[in-house]
Structure formats: structure tokens, C-alpha cells
1. Indicate the gyration tensor shape class of region 1-63 (rounded, prolate or oblate), computed on the Cα atoms with a ≥ b ≥ c the square roots of the eigenvalues: a/c under 1.5 is rounded; otherwise a/b larger than b/c is prolate and the rest oblate.
2. Determine the equivalent ellipsoid of region 103-204 by diagonalising the alpha-carbon gyration tensor, then write out the semi-axes as square roots of 5 times the eigenvalues, largest first, rounded to whole Å.
3. Can you tell me how much longer the chain between residue 26 and residue 191 gets when fully stretched, taken as 0.36 nm per residue apart minus their C-alpha distance, in nm with one decimal?
4. Per the helix-only calculation at 222 nm, which mean residue ellipticity applies to the chain, given -39500 (n - 2.57) for every DSSP H run of n ≥ 4 and division by its residues, nearest 500 deg cm²/dmol?
5. Does region 148-207 come out rounded, prolate or oblate, given a ≥ b ≥ c as the square roots of the eigenvalues of its C-alpha gyration tensor, rounded meaning a/c under 1.5 and, failing that, prolate meaning a/b above b/c?
6. As I understand it, the value is the acute angle between the Cα axis of helix 277-290 and the longest principal axis of the Cα atoms of the chain; what does it come to in degrees, rounded to 10?
7. For the chain, what is the accessible area per residue in Å² when the probe is 1.4 Å?
8. Give me the tail of P(r) for region 261-311 as a percent: Cα-Cα pairs with distance above 18 Å.
Amino acid sequence: MMNRIQVFLKYPHKKSIIKMIKEVLILMVNKREIPYYYFKYLYRKEVTNYLDYLSLGEQRTMQFHKALHNPEYVTLINNKLYFHLLSEKTSIKTPKLLSYNFQSNFFYNNKIVQINSIEEFTRFFDNIFQNANIEGVFFRPPSDYGGKGCFKITKGHLNSQLDEAYETLKAGNFVHTELIRQHPLINQIHSSSINTLRIISLITSNDTIEIISAFIRFGIGNSVVDNASSGGFFVGINLNTGTLKPHGHFLPEYGGDKITEHPDSSFKFEGFTIPFYEDACESVINAVKIIPDRLIGWDVAITSDGPIIIETNAEPHMQMSNIAYGGLLKNKHVKELMQELKTM
């Protein structure tokens, strides 16, 4: 909490005190809640349409309202293992599920192997690398968010990385998927992590499937994850053109900076066209037809062969979409949704 207060106090382009007080009072009346969220982002001079931003209460309504989420779908969406197993039986394109483990019980090729030594562990993954002819494996806890607990091992450093991963894997539960190759144009911006698009889908009250928000997340330094909640940042995508907006944003807990280029590569964001953007949106829309929860956040990676869905989230981080879009209530489908939910 102190970090966010410090970001607010240090930000050089704040609105005047009088203007902030006025806007906070207007928000209290309009949103019917104390707008603590105002001091995360809306205090900045460049934010003139502050009423178009979802309040914290509205964000939580979209994340958790029973009218938007079927509990059975949520189970499939939020658990990475369930989602991958479902994808294997449908047309949803995801990274290949190689194996998975529940602590010392490892599942591969329809067999269960109990691993009790580093030697057995090494043989297990040597076998996977040899049979699958892969360059690397990416590990995710089935139910964690924000890139927590994720790591990878690669063919070139297999033995040393397996030694490091042994205790971690045996102490937890992990989904093991094939490491994918990111599109070279996105690698020009940042190549250490797979930089995923977060695309938010909405099934409207008229049963149409709409894309209401899209942004891309980038890692920094040597991080293997791109999540803004793990220190990365995000850049809004123009929905109609698939091009990046001028600015990237760090979350307040990571300084709240607003940037125009990647801090590692100095690659400028504005106008960059996401490869296969239309295909990515189409893949999401087709996946919604398979899992028809009304609001889903989809993490989509772009490879040289097209988009691939990495994972899904039934309670996506709406504040990032709010900022990336420039106020989600400008979107007519979101505005209609909030009116619909208020009448329930």
C-alpha cells in the first residue's frame, strides 16, 4: 500500500488538489462507492474522461457476478490442467501438454511414475525430450495466477536445470507444456519471455461474442513471464487495427511508470502491428463457442505459425483492461452489460 501512495505522491503530472477533490466527489455520487481506485491512475492530468473508467465495484461485478459465470465453466477455465485436457479433445489450439505432476507422482503417456530420486527424475525428462523431440518445457502451477511459480527448462541446459527444478517440482503440482517459439517480430521487442496478448471476450445479452479489450504484456530483463503483476508491463492494442498504442504501463506496485519503448530493447510501441492479430481474435471467438462463459480473459501467444492460446482466466484483471482501453465504459458492450447487471 505504501508503494502506491509513494507513486501517487511522486507523480509529477497530477491534477490540481481542487480538481481531484471535485472529481472524487462526483465519482462518489455517480458510482456510489468511495473511489479509492481514483488514486491508482485517475489522478493523472492526461485522464480527462475519468467517468469512463470502471470503478473497483464495477470491476468486481464483472469478475464475479453469477450472471456472467457458470461454476462448471469456471472450473475448466481457471485450472490450467483441466483447460489443456479439454483443449486436447477440441479445436482449441494450445501448447502441447507433455506431462504433469502431483508432487512425486508424475503422469506421462497415460502412465503414472512415482519419482523418489534425482536419477529417476532425470530419466523421466530425458525420455520426454527424446521422444517428443522438443527444445524445452514450461512449468505452471495449475491454479496460480500472475505467472507465480512458472519456470522453464531447455535442452541446452537440461542437466543443471533439472537439478535446480527437482525439489520445486516434487514439492508442488505443475502442468508441463512444450516450450513454444515466439514470432520473431515480437522477439525484436523482448525475447526472454513469451509476451502474450490478453484478450477479453464477452457474450452479450443478445448472444453475440464480442472482444471488449486487448493488450499485450511484456517481461523485462531475464524474466520468463510477462505478467504485469510479476513486474512486467502492458501496452494497449487498438481493437480495430491490431496496432499498439503509444504507451506501456507498469502497475502502481511496480512504480506506475508510463513508457513509450521497451526498457531493454528501446523498441517503440506506437503503430507496431501484432502479427496474426485477426487470427488471434478469431481463435478466441471460436474457443468461446466451446466454453461459453460470458466473460473470459484469454492469454494468446503469437508464433510464426499463428496464435496459440496459453491459458484462460474467468476473473481477469479488469484494471489493466480499463487503462489499456482508456476507460472501458467507452465500449458500448461494457456499458450495456453494466446496465443489464444493475437491473438484476
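The values are calculated or read from the model by the stated rules, or taken from the named source; none is laboratory data. In this text the structure is predicted, and so the values were computed from the model without any measurement. Here the Cβ is made from the backbone with ideal geometry for all residues, glycine too, and neighbour counts use every protein chain on show. To get the accessible areas, we keep the full protein, side chains included, count just its heavy atoms, and leave off ligands, DNA and RNA. Shrake-Rupley method; radii C 1.70, N 1.55, O 1.52, S 1.80 Å.
1. oblate
2. Equivalent-ellipsoid dimensions as semi-axes: 27, 18, 13 Å.
3. Result for the pair: 55.0 nm of gain on full extension.
4. Dividing the helical sum by the residues of the chain leaves -10000 deg cm²/dmol.
5. Oblate.
6. Orientation of helix 277-290: about 80 degrees from the principal axis.
7. Per-residue accessible area for the chain comes out at 48 Å².
8. Pairs farther apart than 18 Å: 45 percent.
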